[in-house]
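The structure appears below as structure tokens.
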Amino acid sequence: MKIIIEKNYSDLSKKAADIIEKEIKNKPNLILGLATGSTPVGTYKELIRRHKEEGLDFAKVTTFNLDEYLGIPHDHINSYHYFMYDNLFKHINIDEDNINIPNGNPENVEEYCKSYDEDIEKQGGIDLQILGIGENGHIAFNEPDDKLYLGTHITDLTESTIRANARFFDSIEEVPKKAITMGLGSIMKAKKILLLANGKNKANIIGKLLKDEVVSTYNPASLLLLHPDVTIILDEESASEYLK
Ligand code: GLP
């Protein structure tokens, strides 16, 4: 596991964009796993800048997003579909046919979840997966529990996640209670993983993850300790407990 500590969020975002750009240049038809949340927004902004000013080319890139709220319309301002178009896709030259985001309103949930994993497999698997981390260690929407699912599945959100995500909604009551998410198995199959964390509110979980050296389903991010190619980029605030 490679740990990179940058001074601030802006430097973290540039570093993450460097890594993604290098992968796209090495393999123009990269299969890129993408995350939502506030953490990767700066990275997406930097990728958009590089596309517009330096011609970074997304024409052949295929993306798979990690998760989506269940029961929320695609065009809802808080859906992850809306988020991804708003923060990245509508600003770059990605082919719309190459964008994959879990459907928050599938007709047959079981079949749909299976087909999402099959679609990833058909593309040869994810080359580079971008991840954020929840304050409770959740990855995508794989919440701490006594068991974790391997494949894409429907999950209940924990109180902590609902509270953390309420900042994007008008009220906490509006935050969906369920989501569709790639499982830890799907994520661990990615060839490379890039985990980003910034800010004081991530310091505890990052400290626990990097200092305890323990794998637990109650800290889903800890499974990443078993992956052979993980890079973690932190800013000084999120690294503060780790460095203590
Ligand atoms: C959300 C997303 C995760 C994300 C995490 C952290 O609930 N489902 O994919 O990594 O929470 O979000 P943020 O980056 O806003 O702290």
Which value in deg cm²/dmol, rounded to the nearest 500, describes the helix-derived mean residue ellipticity at 222 nm for the chain, given -39,500 (n - 2.57) per DSSP H run of n ≥ 4 and division by the residue count?
-9500 deg cm²/dmol
What accessible area per residue, rounded to a whole number of Å², is obtained for the stretch 2-239 using a probe radius of 1.4 Å?
46
With equal scatterers on the alpha carbons only and no solvent term, can you work out the Debye log10 of I(q)/I(0) for the stretch 2-74 at 0.21 1/Å?
-1.02
Cα gyration tensor shape of the stretch 105-244, rounded if a/c is under 1.5, else prolate or oblate by comparing a/b with b/c
oblate
Let me understand the chain better: what is its radius of gyration from the alpha carbons, and its Dmax, in angstrom?
16.8, 49
Based on alpha-carbon centroids, what's the gap between the stretch 39-84 and the stretch 110-130 in Å, whole number please?
18
Bins of 10 Å from zero: percent of alpha-carbon pairs in the stretch 68-163:
13, 41, 40, 6, 0
Please label the shape of the stretch 164-244 as rounded, prolate or oblate, based on the square roots a ≥ b ≥ c of the eigenvalues of the alpha-carbon gyration tensor (a/c under 1.5 means rounded; beyond that, a/b larger than b/c means prolate, else oblate).
oblate
About its Cα centre, what dipole magnitude does the chain give when the only charges are +1 on Lys and Arg Cβ and -1 on Asp and Glu Cβ, stated in debye to the nearest 20?
860
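The values are calculated or read from the model by the stated rules, or taken from the named source; none is laboratory data. Because the structure is predicted, anything quoted here is derived from the model rather than measured. All Cβ positions, even for glycine, are placed from backbone atoms using ideal geometry, and neighbour counts span all protein chains on display. Surface areas here come from the heavy atoms of the whole protein model, side chains and all, with no ligands, DNA or RNA. Shrake-Rupley method; radii C 1.70, N 1.55, O 1.52, S 1.80 Å.
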